[in-house]
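Contents: one structure, followed by commentary.
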Amino acid sequence: MKKTMLFFAALLLSFNVSAASLDLAGGVGNTGTVGLASGSTVTAATSSLSKGATVFDSFTLTSDTATSAILSLTFNPLAPTTSVSIFDGTDIIGLSVLKIGSLGILEYTWLLDAATEYVVNIFIGSALTGSNYDLRIATSEVPLPAALWLFAPALIGFLGFRRKANKLAAA
């Protein structure tokens, strides 16, 4: 019984939710450059743009495991002709940029499939003086379901009842 209990205790403690690893690569002609290229968080940004500049930046994102990810973008100041989209190989998802004062804020959560290339496109048609953007993509931790922690003690209890029944039957 001790071995069984130790086995299940070790099994419970061995469940570990590790964050997926993301890889971010920028397109060749990008204005923005990649800051953090791999890890559970990846980033890219532009420096100050000149007035009227046109930006069409493309970033390729991949993940080693299926995970949930959060895309955060900040535009400072937000040019009226700014747009953002994500292409997953079959569909293009157009994302809305929320204007708050002179800033543009975007936050989008989606599920990444393992080994799928996602292309994040950022377009600024006519930049305002000093325009820039900050891109951040991070995996979100998936918590273990509460049912797992409730199921394991119940299973151990049933094993104890089984052992007790076997002892009574042998006597």
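The values are calculated or read from the model by the stated rules, or taken from the named source; none is laboratory data. What you see is a predicted model; the values in this text were computed from it and never measured. Because the Cβ atoms are built from the backbone with ideal geometry, glycine has one as well, and the counts that use them run over all protein chains shown.
Of Ala66, Ala9, which residue is small (Gly, Ala, Ser), at pLDDT below 95 and not assigned by TED's automatic domain parsing to the domain that holds Ser131?
Details: Ala66 fails: not assigned by TED's automatic domain parsing to the domain that holds Ser131.
Every option except Ala9 fails the conditions.
Any idea which of (1) polar (S, T, N, Q); (2) farther than 17 Å from Arg136 by Cβ; (3) outside any strand (DSSP E or B) is the one Ser83 doesn't satisfy?
Of the numbered conditions (1) polar (S, T, N, Q); (2) farther than 17 Å from Arg136 by Cβ; (3) outside any strand (DSSP E or B), the odd one out for Ser83 is (3).
What number goes with the only condition from (1) of a type in the set (S, T, N, Q); (2) closer than 12 Å to Ile137 by Cβ; (3) touching a residue at least 24 places away in the same chain (Cβ under 8 Å) that Ser38 does not pass?
(3)
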